[in-house]
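The values are calculated or read from the model by the stated rules, or taken from the named source; none is laboratory data. Since the structure is predicted, the reported quantities are computational estimates derived from the model, not experimental observations. Glycine also receives a Cβ, built like all others from the backbone with ideal geometry; neighbour counts cover every protein chain displayed. These accessible areas exclude ligands, DNA and RNA; they are computed on the full protein's heavy atoms, side chains included. Shrake-Rupley method; radii C 1.70, N 1.55, O 1.52, S 1.80 Å.
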Amino acid sequence: MRVQQKIFQMIQDFETIIIHRHERPDPDAIASQCGLKKILQASFPPKKIYAVGSFNDSLKFLARMDKKVNDEVYQDALVIVVDTADVARISDERFAKGKKLIKIDHHPNDDIYGDLLWVEPTVSSTSELIVHFYLTFKNKLKMTTEAARLLYAGIVGDTGRFLYPATTAKTLEIASFLLTFPFNASLISRELSTISMKVAKLSGYVYQNISVDENGAAYVLLSTKILQSYNVAEFETSAIVSLPGMIDEVLSWVIFVEKAEGGFRARLRSKGPTINEIAKRYNGGGHLLASGANAKNHEEVQKIYREIQDVAQKWRNKQ
Ligand code: AMP
């Protein structure tokens, strides 16, 4: 039996389903989680379906989490974790308390967990995967306008509005299908790309202070002092991570953001050379061209940047 069939069967077998995703959620994490929740609620009205995990209000235009999910609810529950490659990044550690566990994801399958796993690293987003799942069982599942709105937002978010190479003909076909539902797609795109004035000013700092070497390897470091001077919290920096990619001379880049608890979060991106192997060496991981890692101190910051410089140089030499 194909894994999707087994997942569908397991969903049918459980009365309570709790959907988790990764910590520090991005639009695709929230959208795939809550899009799946809306589809299952509409398709199986008697079932109790919950979405849980840490949340910050910047994505409240998409959805909110269910607050009152007590530990006892997990006893007879099926837990589905979406968009999360490794166990360490799953938000809300109670995910392990359910009766069965399913992983649905589009990151490289570096950490194999769950009773059933459906992982498709070449698919643009977990939201796109959820639509694939819906289409496979469309005779038994119901898509709603709200689910379509969420899943469209997740695809737009993870593809950078259809910019990144993971965008395929299938992605556009699925986006086109979602647009047949009467939600306001241009509002979603605007909500996803709107930034606050303080983040706009921080963007200016990024462009002013980015260092780029002769092969297009770039980095910027946002210290706590700088973040404080722009009144921007660490979690608000996600909007600026893609900015260096707009510069012609930049090939691969890393933005270091100092963490309140010490050390630096490293956010790596690339237009060509793969950078996820570098991220894995520094307590991180992710996609071939978009990864996250952690630097313990300034020395590791320099090491990560040197590794980015190496892959950029090798890439340029091959061109
Ligand atoms: P970010 O720069 O935080 O937006 O992360 C980009 C991508 O890298 C995410 O979609 C995750 O797949 C991955 N990622 C980020 N941080 C980590 C981490 N600590 N461990 C594994 N993967 C990560």
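See the values below:
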quantity: Any hit, the stretch 208-215, residues being among the aliphatic types (A, V, I, L, M), at pLDDT 95 or above and either exposed (fewer than 12 other Cβ atoms within 10 Å of the Cβ) or not assigned by TED's automatic domain parsing to the domain that holds residue 9 (or both); calculated: yes
quantity: Near pairs, Cβ below 6 angstrom, 6+ apart or cross-chain, from the stretch 243-255 (touching a residue at least 40 places away in the same chain (Cβ under 8 Å)) to any residue that is open to solvent by 20 Å² or more (accessible area, probe 1.4 Å) and more than 16 Å from the ligand (Cβ to nearest atom); calculated: 250/212
quantity: Residues of the stretch 171-197 classified as part of a helix (DSSP H, G or I) and either without any contact (Cβ under 8 Å) to a residue 12 or more places away in the chain or surrounded by fewer than 14 Cβ atoms within 10 Å (Cβ to Cβ) (or both), total; calculated: 8
quantity: Any hit, the stretch 17-35, residues being of a type in the set (A, V, I, L, M) and either over 16 Å from residue 81 (Cβ atoms) or not assigned by TED's automatic domain parsing to the domain that holds residue 150 (or both); calculated: no
quantity: Every residue from the stretch 241-252 that is open to solvent by less than 50 Å² (accessible area, probe 1.4 Å) and more than 11 Å from the ligand (Cβ to nearest atom); calculated: 243, 244, 245, 247, 250, 251, 252
quantity: Options 298, 287; residue that is open to solvent by 10 Å² or more (accessible area, probe 1.4 Å) and within 10 Å of the ligand (Cβ to nearest atom); calculated: 287
quantity: Residue list for the stretch 100-117, filter: open to solvent by less than 10 Å² (accessible area, probe 1.4 Å) and more than 13 Å from residue 85 (Cβ to Cβ); calculated: 102
quantity: Number of positions in the stretch 1-18 that are within 17 Å of residue 37 (Cα to Cα), part of a helix (DSSP H, G or I) and either open to solvent by 20 Å² or more (accessible area, probe 1.4 Å) or free of Cβ contacts under 8 Å to residues at least 12 places away in the same chain (or both); calculated: 4
quantity: Checking residue 255 against (1) under 30 Å from residue 317 (Cβ atoms); (2) open to solvent by 10 Å² or more (accessible area, probe 1.4 Å), the condition it does not meet; calculated: (2)
quantity: Options 79, 52, 69, 87: the member that is within 16 Å of the ligand (Cβ to nearest atom) and touching a helix residue (DSSP H, G or I) at 6+ places or on another chain (Cβ under 9 Å); calculated: 87
quantity: Test result for residue 57, away from the ligand (no atom under 16 Å from the Cβ), under 17 Å from the mean Cα position of the chain (by Cα) and modelled with pLDDT under 95; calculated: yes
quantity: Among residues of the stretch 258-308, those that are modelled with pLDDT under 95 and either outside any loop (DSSP other than H, G, I, E, B) or in contact with a Cys (Cβ under 7 Å, 6 or more places away or on another chain) (or both), counted; calculated: 2
quantity: Count of the stretch 257-284 residues which are more than 11 Å from the ligand (Cβ to nearest atom) and within 16 Å of residue 241 (Cα to Cα); calculated: 5
quantity: Matching residues, the stretch 19-28, being open to solvent by less than 10 Å² (accessible area, probe 1.4 Å) and either at pLDDT below 95 or away from the ligand (no atom under 16 Å from the Cβ) (or both); calculated: 19
quantity: All positions within the stretch 51-64 that are surrounded by fewer than 19 Cβ atoms within 10 Å (Cβ to Cβ) and of a type outside the set (Gly, Ala, Ser); calculated: 55, 56, 57, 60, 61, 64
quantity: The stretch 212-240 residues that are in a loop (DSSP other than H, G, I, E, B), paired with ones that are more than 16 Å from the ligand (Cβ to nearest atom) and acidic (Asp, Glu) (beta carbon under 7 Å, 6 or more apart); calculated: 216/249
